[in-house]
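For reference, the structure discussed in these notes is given below.
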Amino acid sequence: MNKGELMKVLEAVRAGKASPAEAMERLKHMPFEDLGFAKVDHHRALRQGFAEVVFGKGKTPGQVAEIVRAMLRAREGRHNILITRADKKIYAVVKRVNGKEARGAKFYPLSGVITIERTRETAGKGTILVVSAGTSDIPVAEEAVLTARMLGNPVEHLYDVGVAGIHRLLDHRMELGEARVIICVAGMEGALPSVVGGLVGVPVIAVPTSTGYGASFGGVAALLGMLNSCASNVTVVNIDNGFGAGCVASCINRI
């Protein structure tokens, strides 16, 4: 439920179209629904503007399915459902959750993301551009793309335009200049966000990836390089956190 949907419930009571008891029935699972192993935050969209996202890793397929079922049966709010760090086993169970919407779930094996698209309402004011340094960084970049898109943003992407061949990036100066927010995904030494940041006047969200040889320390080298960027419009999220970047970019794009 978001602010608009809550207002409709209150207006219906004021107009006599719904009784207080009926309104209470519609609101009874706010702020959360306790499943025993999880508390589904139906209040999230009202507070933050977007619904709770399910982190699949560490949960059983059955637990994820129950959470999705609770989200689908909530009467108010047809928000999109996003599951990150999932696998084929989780996807197979989610697809069997009762209802036509669950049967329309899509699985993106490269990023491990499952989506159930229930609305295409656009909340973002501009385009979010996701840029990856190398092909090996695409799984994290795709997580960012899908997150930003499911949160209601127009999203474009540029893949494999890292500093090892800087002409590949410079060939896309127009797309870089038109974006309202840029997510820059890179492993190895993590240099790409500094280059992109120096070319544009918009926020650049840097995502270090664990791509690289031994001295990259599983993404720590890229993380430190991005934190020490001399481009003042660059900010950094955690290693491999494409979801976090997509979420923050969406918040910026709604302002």
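The values are calculated or read from the model by the stated rules, or taken from the named source; none is laboratory data. Quantities reported herein were computed from a predicted structural model and do not represent experimental measurements. Here Cβ is always computed from backbone atoms with ideal geometry, including for glycine, and neighbour counts include all displayed protein chains.
Side notes on the structure shown:
- All conditions but one from (1) modelled with pLDDT under 95; (2) assigned to a loop (DSSP other than H, G, I, E, B) apply to residue 200; the one that does not is (1).
- Within segment 41-66, the set of residues being of a type outside the set (Lys, Arg) and either in contact with a Pro (Cβ under 9 Å, 6 or more places away or on another chain) or assigned to a loop (DSSP other than H, G, I, E, B) (or both) comprises 41, 42, 43, 46, 49, 50, 51, 52, 53, 56, 58, 60.
- Strands (runs of 3 or more DSSP E) completely within segment 109-168 that count 2 or more residues being in contact with an Asp or Glu (Cβ under 9 Å, 6 or more places away or on another chain) and in contact (Cβ under 8 Å) with a residue 40 or more places away in the chain: 128-132
- Residues of segment 93-108 classified as out of contact with any strand residue (DSSP E or B) (no Cβ under 9 Å at 6 or more places or on another chain), loosely packed, with under 13 Cβ neighbours inside 10 Å and not in a loop (DSSP other than H, G, I, E, B), total: 2
- Residue 177 passes every criterion in (1) more than 23 Å from residue 124 (Cβ to Cβ); (2) free of Cβ contacts under 8 Å to residues at least 24 places away in the same chain apart from (1).
- Breaking point among (1) touching a strand residue (DSSP E or B) at 6+ places or on another chain (Cβ under 6 Å); (2) buried (at least 20 other Cβ atoms within 10 Å of the Cβ); (3) more than 30 Å from residue 44 (Cβ to Cβ), for residue 159: (2)
- The one condition from (1) in contact (Cβ under 8 Å) with a residue 24 or more places away in the chain; (2) over 24 Å from residue 123 (Cβ atoms) that residue 53 does not meet is (2).
- The listed residues are 66, 76, and the only one of them that is under 23 Å from residue 104 (Cα atoms) and modelled with pLDDT of 85 or more turns out to be 66.
- Condition check for residue 87 on (1) among the acidic types (Asp, Glu); (2) in contact with a Phe, Trp or Tyr (Cβ under 8 Å, 6 or more places away or on another chain); (3) over 21 Å from residue 191 (Cα atoms): one failure, at (2).
- Failed condition for residue 83, given (1) in contact with a helix residue (DSSP H, G or I) (Cβ under 8 Å, 6 or more places away or on another chain); (2) surrounded by fewer than 18 Cβ atoms within 10 Å (Cβ to Cβ): (2)
- Picking from residues in segment 109-134 that are surrounded by fewer than 17 Cβ atoms within 10 Å (Cβ to Cβ) and closer than 17 Å to residue 72 by Cβ, the one that is modelled with the highest pLDDT is 117.
- Scanning segment 14-38 for residues that are modelled with pLDDT of 80 or more, exposed (fewer than 15 other Cβ atoms within 10 Å of the Cβ) and either basic (Lys, Arg) or farther than 27 Å from residue 91 by Cβ (or both) gives 14, 15, 16, 17, 19, 20, 21.
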